[in-house]
Amino acid sequence: MDSVSARGMTSALRDADYLSAAVIEGLGGSRPLDAALRDHRRRRDRAIRGMYDFTLRLAALSPVTSRERRFRAGHTRMLAPPAAAPMSSQAQSRLPVIHSLMSASCR
């Protein structure tokens, strides 16, 4: 991944998790290390394939397809911060009091 997709850290942390599980399996003796690492590679490649293809298209400066636009919109929604809860009327009524107290303490 590269800076175009801004997914590098997310992918790195997920891949480290996948890799550590494979190493534990392989070195712990529950399965051969080669097989565990091969499965890790397949799992990692499956996890990044969609974003990898999307990033390649962006880097080629080709027109974005409607499918890619929907894919990107889904990732944007997942990463968006939650909306702030509206302030209650009781809290709003206290704002002038808080403001006057803060102003008084600054004198």
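Laboratory data are not the source of any read-out in this text; all were calculated from the coordinates shown. Keep in mind it's a predicted model, so treat the numbers as computed, not measured. As a convention, Cβ positions derive from the backbone with ideal geometry for all residues, glycine included, and neighbour counts pool all protein chains shown.
Cut-off 11 Å, label point 7 angstrom out along Cα-to-Cβ of LEU58: give me the residues of segment 5-24 whose amide nitrogen falls inside. Only 5-8 pass the distance filter.
Annotation for ARG69 and ARG38: the two label points, set 7 Å from Cα along the Cα-Cβ direction, are 4.3 nm apart.
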